Structures are given as structure tokens and as C-alpha cells.
Amino acid sequence: MSVRRILVTLGMIIAGLILIVVGFTTWYTVDESEQAVVITFGQAGEPVTNSGLHFKLPWPIQHAEILSKETYSLKFGYKQDESGDLVSYDKETKMITGDEYIVLTDLIVQWKITEPQKYLFHSESPKEILHDATSASIRSVIGSSTIDAALTDGKAEIEAKTRDLLATLIEKYDIGVMIQGIKLQDVELPNAEVRSAFTAVTDARETKNTKINEAKKYENQKQNEAAGERDAIKSRAVGEKTARIEQARGDVALFNDLHTEYAKNKGITRQRLVLETLEKVLPNANLYIMNDSGETLKYLPLQQFEKQKSQTPPSEEKEGKGEEKNDE
């Protein structure tokens, strides 16, 4: 084989390879859930977000970097092995709370690529930066929280603070990603003995709160009963006050009437008052009126007549009245 034929064959092979490279590198496809960046001699152009078939200059002049628009999940502190079981990293998840307790914390960070150019060129490894920023954020928040808040009702607040702090760090690093959300998976104590002791403390605190609530309930009940009794006493006092005032007004009116009669005939009224007073003081005594010489005056014995009348049975009284009518 001559040298010329060999050169022609090599030229055809190289030309064929060039045509193959050109044929396979002048187009690319973008899915609906994807976005692409066309890089020309190392410089990124505007992101391509329209789905479908797109054309570009052949490699090595241009090449396309295709990135997903979906939300990614960064698992901090654990991962799943091939069998699907969770594998935890105690060294990464071990943190110290503000009151100097050790806890194990793992979480999931939801993030997505918003600026592909910055994601590709502003950092060598944006995922590693995101992981380190997540570690710094959660450790800072846990370090300013108490053990009670981290293990019980403070998880929502810890999630919110971690998300805000991480979003601030990512914005400062300017790596083209946005934090969608953070979800704490587990916050627990490092061993069973410590967990048991903390559970006992938590139970004691709950018992204390229960007792305090029961005491407040009993206090409110007694206060309501005392308030009701107080109102009843006040009501009775007002009623008694009103009754005494009315009685006093009646006594005043009676006294005024007696005074009016006394003013008309002082002697008779005075004797009448004396007799009425004696009847009240000595209800069963027989009264005799005597003159100044000591002799008993003759008067109509009205008391004896009333006494006999009250002792006469009603039937006899009716019969006597009937006989009188017959005699007439």
C-alpha cells in the first residue's frame, strides 16, 4: 500500500470522526423539568428553559450543561444504604445545646437551582458548600436553644431559625441555589441512660404542671364560691336594711299619730298609754283602777267579759242566741 493511499484513508477516517462528532454535538434536548446552559469557550450564556430540541455549535466550540429544575433533598446527618436502612453519622449530628447538653440532630434541606450560571461557575462544589452551611446553621441554632426546646415543643422554632440563617448564608455565598425548606428528622439524646433520665425529668415536669393546673382550678372554684356567698350576704344585708328602714318609718308614723292624739287630750292619751304598756308588760294580770284616796273605782269589767266570751264554745254561743230569739 502506498503512502498516498494511507494518508487518504487516514484523512477519510478523521473526516468521518469529525462528521460524527459534529452530528452528535450540534443538538441537545431539554425536558420540561430541566434547564440548560450553553457554554461557549468556557463562558456561560443565558439559561435555556424551553423544553424540546435545541441546536448549538459543535463541540468543542459549545457544549450544553443540563440541570434539573426540580427540588433536591440534602440529607444531613444520615443517609440510606443499599438495603434502604438509615445510617446515622454521630460525629456530624452530635451538637451541644445552650444549656450544655449533647443531642443528636439530623435534618433534610429542600433546595433548588435558581441561577444555573452561578451554580456552575461561582463555586467548585456548591453541594459541599450547602452541606457545610447547613451544618453551621443548625449548630448555631441548637447552640442557642435549650434541651427542652430541642426535644419537645421548640422544634418548629428551631426549623424556622435554621431555615432563615441558612438562606442568609446561601445568599451571601451566591452559588445560585435557593432554600425551599428544612425538616428536622430527629433530635434525641446520645444514649439510652440519658434518654431515660430526661424522660423522668420531663414526666416530673408534666406532673408539676398538672398539679399547678389542678390547684388553680380549685382556687378558682373556691373564689367563685366565696364571691357567691359574699353576694348573698350583701343581698341579705340590703334586704334587712330595707326592712329596718321601713319598720323605723312605720314606728315614726305611729309615734307621730300618738303625738297628735296626745296633743289633743294629754290626760286621756297618757292613761291609755299607761294601760297599754301594763297590758304588754303584765298580760295575765287583772288591772284595777283606784282613785287618789285608795278606793277602788267602779268600772265595767271588760276583761272578764272578754275572757268569758273567749271560753264559751261556739256551739253554746249559737244555742244561746237561738233561745234569745225564741224568748223574743
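Computed from the coordinates by the stated procedures, all read-outs in this text should not be read as laboratory data. Predicted, not measured: the structure shown is a model, and the values here were computed from it. No Cβ is skipped: glycine too gets one built from the backbone with ideal geometry, and neighbour counts run over all protein chains shown.
Please get the size of the charge dipole for the stretch 72-190, origin at its Cα centre, with Cβ charges of +1 on Lys and Arg and -1 on Asp and Glu, quoted in debye to the nearest 20.
It comes to approximately 380 debye.
Please order H122, H259, H63 by the number of other Cβ within 10 Å, starting at the fewest.
H259, H122, H63
Under a 5 Å amide H to amide H cut-off, with H placed in plane at 1.01 Å, what residues pair with L67 once short-range neighbours are removed?
Amide H to amide H, under 5 Å and 5 or more residues apart or across chains, L67 pairs with Q35, A36, V37.
Given labels modelled 7 Å from the Cα in the Cβ direction, how far is it in nm from E276 to I20?
Between E276 and I20, the simple spin-label model gives 14.3 nm.
Once you put a point 7 Å from the Cα of V201 and another 7 Å from the Cα of I233, both along the Cβ direction, what distance in nm separates them?
Distance between label points: 4.8 nm.
Residue by residue, what Karplus-based ³J(HN,Hα) values in Hz, rounded to whole numbers, does the stretch 264-274 have, using 6.51, -1.76 and 1.60 with θ = phi - 60° and x for Gly and Pro?
Once θ is set to phi - 60°, the couplings for the stretch 264-274 become 6, 8, 5, x, 4, 5, 5, 5, 4, 5, 4 Hz.
Hey, what does the equivalent ellipsoid look like for the stretch 3-68, semi-axes from the Cα gyration tensor as sqrt of 5 times each eigenvalue, largest first, whole Å?
Each semi-axis is the square root of five times an eigenvalue, giving 33, 12, 7 Å.
Using only Cα atoms, what is the ratio of the radius of gyration of the stretch 72-190 to 2.2 N^0.38 Å?
Here the Cα radius of gyration is 1.08 times the empirical estimate.
Relative contact order for the stretch 3-68 using alpha-carbon pairs under 8 Å, separation at least 6, rounded to a whole percent?
Details: 93 pairs, mean separation 22.8, N = 66.
This gives 35 percent for the stretch 3-68.
Contour minus end-to-end for E46 and A263, with contour as 0.36 nm per residue of separation and end-to-end as the Cα-Cα distance? The partial results should precede the final answer.
Values: separation 217, 0.36 × 217 = 78.12 nm, distance 12.29 nm.
Fully extending the segment from E46 to A263 adds 65.8 nm.
Give me the log10 of I(q) over I(0) for the stretch 176-263 at q = 0.15, 0.26 Å⁻¹, as the Debye formula computes it from C-alpha points; what are the numbers?
Ignoring solvent entirely, the Cα scatterers give -0.87, -1.16.
Using a Förster distance of 35 Å, how high is the FRET efficiency between F55 and E92, based on the Cβ-Cβ distance and rounded to 0.05?
That pair, F55 with E92, gives E of 0.15.
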